[in-house]
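Notes for the one structure printed next.
The values are calculated or read from the model by the stated rules, or taken from the named source; none is laboratory data. This one's a predicted model, so the numbers in the text were calculated from it and none came from an experiment. Cβ coordinates were reconstructed from backbone atoms using ideal geometry, including for glycine residues, and neighbour counts include every protein chain displayed. The protein model used for the area step is the full one, side chains on, heavy atoms only, and it has no ligands, DNA or RNA in it. Shrake-Rupley method; radii C 1.70, N 1.55, O 1.52, S 1.80 Å.
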Amino acid sequence: VKNNLQIINSLLSLQARKSSNEELIESMKESRSRINSIALIHNKLYQQQSLNRLNIQDYVEQLGVHLLSIYNVNNKEVSISVDAGQVSLDIDTAIPLGLILTELITNSLKYAFVERDDGAIYINIKHAQERDYELIFKDNGIGISEEAMKHGNETLGFRLINSLTQQLAGFIHYRFEDFSMYNIRFK
């Protein structure tokens with residue numbers, strides 16, 4: 001699976017290189033990030049002793065490093081802090097969660113820290129109840145107004161986040177105070 005995902009990733013990269021259309025190139029870049037988040041899950045599973053549960057801490061840290069290398073083109077001082085404790089998830093939960101995090105981290109790196117030289121992203125994943133989990137994603141960027149959030153829900157990224165949250169039998173809540181914060185509870 002990992003090798004097939006790498007081949008798809010390479011094909012998208014080759015296709016993007018042939019184009020001069022910036023919008024197409026950006027779309028290919030985002031698709032490659034999504035594919036990489038899935039490939040990274042398979043890579044982490046093969047590295048550990050258990051093939052059915054994934055330690056989320058290591059995975060999210062590596063995902064953050066990877067996305068920083070792609071989207072932090074202006075070399076801003078952006079830190080990503082991850083606290084997932086000993087949470088481990090099965091692959092059917094880890095893949096949608098990884099895709100959700102890919103979208104949230106990417107959005108923060110692209111839009112939250114405009115006209116700033118630094119920023120911080122905080123990710124916390126924990127058990128909420130016996131079979132429930134909670135993802136808290138925060139950044140100290142400019143935030144999204146309620147009006148922009150309504151229009152933002154029309155983008156592929158936010159539709160993907162909402163769809164994947166539903167796939168996890170979860171719900172999502174956004175608020176902006178000192179931080180832009182997404183709270184996602186899932187099974």
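In segment 116-138, which residue that is farther than 22 Å from GLN167 by Cα and part of a loop (DSSP other than H, G, I, E, B) is least open to solvent (accessible area, probe 1.4 Å)? Per the criteria, the residue is ARG116. Could you check SER10 against (1) in contact (Cβ under 8 Å) with a residue 40 or more places away in the chain; (2) over 24 Å from ASN107 (Cβ atoms) and say which number it fails? Going through (1) in contact (Cβ under 8 Å) with a residue 40 or more places away in the chain; (2) over 24 Å from ASN107 (Cβ atoms) one by one, SER10 breaks only (1). Scan segment 87-144 for residues that are aliphatic (A, V, I, L, M), in contact (Cβ under 8 Å) with a residue 60 or more places away in the chain and farther than 19 Å from SER69 by Cβ and jot them down. Passing the criteria: LEU97, ILE100, ILE125.
Being open to solvent by 10 Å² or more (accessible area, probe 1.4 Å), farther than 23 Å from LEU156 by Cα, out of contact with any strand residue (DSSP E or B) (no Cβ under 8 Å at 6 or more places or on another chain) and not aliphatic (A, V, I, L, M), is that true of even one residue in segment 100-115? So far as segment 100-115 goes, yes, one or more of its residues are open to solvent by 10 Å² or more (accessible area, probe 1.4 Å), farther than 23 Å from LEU156 by Cα, out of contact with any strand residue (DSSP E or B) (no Cβ under 8 Å at 6 or more places or on another chain) and not aliphatic (A, V, I, L, M).
Going residue by residue through segment 11-22, is there one that turns out to be among the hydrophobic types (A, V, I, L, M, F, W, C), closer than 23 Å to LEU97 by Cβ and open to solvent by 90 Å² or more (accessible area, probe 1.4 Å)?
no
Within segment 23-40, restricting attention to residues that are closer than 22 Å to ARG159 by Cα and aliphatic (A, V, I, L, M), the residue that is least open to solvent (accessible area, probe 1.4 Å) is ALA39.
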